[in-house]
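Quick notes on the structure that follows.
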Amino acid sequence: MRVLSIVHGANARSALFGEVVREQGHDLDELSFAFGEAPAEPERYDAVMVFGGAMNVHETDGNPWLTEEQRAIARVLDAGVPIFGVCLGSQLLAAVAGGTVSRSREPEIGWYEVEATADAADDPLFVQLPDRFEALQWHSYQASLPPGATALAWSPLCLQAYRLGETAWGTQFHGEVTREIFRGWIDNYRQDPDAVRIGFDPDAHRALLEDKIRRWNEIGRTLAGGFLDVARERAGVEPEPATA
């Protein structure tokens, strides 16, 4: 399969999800509207992933490419191509589908408990996840549930995951993040005024990272693998044979 990854920052890339794509033998194109690398015909890919970034959906004055990216996401949705949005990507997807993006009551930066909904038990991505788990977060904005979408997980503060139709998913949490990427975010936390305001403790989060990242990456692999299974079945691609 041909998989498109849309990214928005040097330290906000495909990461673990990209690893899973390559491990399964698929082709990955990682491109960025933010870097002037707008993908041609994103709706012609077999699957599309949209990741996070330091900007917010409404900040089109400083990031005019956000409008073009939302038009591209709309084309992907209209074509029924499987799409997975993470954090900013999830908010962009929700906005395109008629949801509202707004500032959260409080930021979620670090590890926060997430609870799956009853509908998650029948979802092809969430069915293998526990009912409750600690999720890695870094956001100050949230998205409402788009019209007709199904909520899959919540935290006490906001919607954490949803499915739109049968081929589109969004997660507020960062299932793609690896140890190396989160270390970089921790090292640069002072670039985020909200992290400073809430008293983010870099040393404490470095310790938590080492304790939690292995289990978190298992959850990320489960989500990415489930998404690619949906895309593969839709594209009519046979799975790669298992190797000994």
Cα gyration tensor shape of region 102-193, rounded if a/c is under 1.5, else prolate or oblate by comparing a/b with b/c: prolate
Relative exposure of 60, 178, judged by other C-beta atoms within 10 Å (fewest first): 60, 178
For region 185-200, 3J(HN,Hα) per residue [Karplus equation, 6.51 cos²θ - 1.76 cosθ + 1.60, θ = phi - 60°, Hz, x = Gly/Pro]: 5, 4, 4, 10, 4, 5, 6, 10, x, 5, 5, 5, 4, 8, x, 3
For the chain, the dipole about the Cα centre with charges only on Cβ (Lys and Arg +1, Asp and Glu -1), to the nearest 20 debye, works out at 280
Among 198, 56, 80, whose Cα projects farthest towards the positive end of the dipole of region 2-235, with charges put on the beta-carbon of Lys, Arg (+1) and Asp, Glu (-1)? 198
Going by the alpha-carbon gyration tensor, a ≥ b ≥ c the square roots of its eigenvalues, is region 2-235 rounded (a/c under 1.5) or, if a/c is not under 1.5, prolate (a/b greater than b/c) versus oblate? rounded
Treating only the Cβ atoms of Lys and Arg (+1) and Asp and Glu (-1) as charged, compute the dipole magnitude of region 21-127 about its Cα centre; round to the nearest 20 debye. 260
Suppose only helical runs count, i.e. DSSP H with n ≥ 4. What mean residue ellipticity at 222 nm does that imply for the chain under -39500 (n - 2.57) per run, divided by all residues and rounded to the nearest 500 deg cm²/dmol? -10500 deg cm²/dmol
Taking every DSSP bridge whose two residues both lie in region 2-235, the antiparallel percent to the nearest 5 is 55
Let me know the charge dipole size of region 19-72 about its Cα centre in debye, to the nearest 20, where only the beta-carbon of Lys, Arg (+1) and Asp, Glu (-1) is charged. 100
List the GluC sites (Glu not before Pro) within region 45-98 that DSSP assigns to loop and that have no more than 14 neighbouring Cβ atoms inside 10 Å. 59
The alpha-carbon center of region 105-134 and that of region 182-244 are separated, in whole Å, by 14
Set Lys and Arg Cβ to +1 and Asp and Glu Cβ to -1, take the dipole of region 2-235 about its Cα centre, and tell me which of 127, 28, 160 lies farthest positive. 160
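Computed from the coordinates by the stated procedures, all read-outs in this text should not be read as laboratory data. Everything quoted here is computed from the prediction, not taken from an experiment. Every residue, glycine as well, gets a Cβ built from its backbone with ideal geometry; the counts of neighbours run over all protein chains shown.
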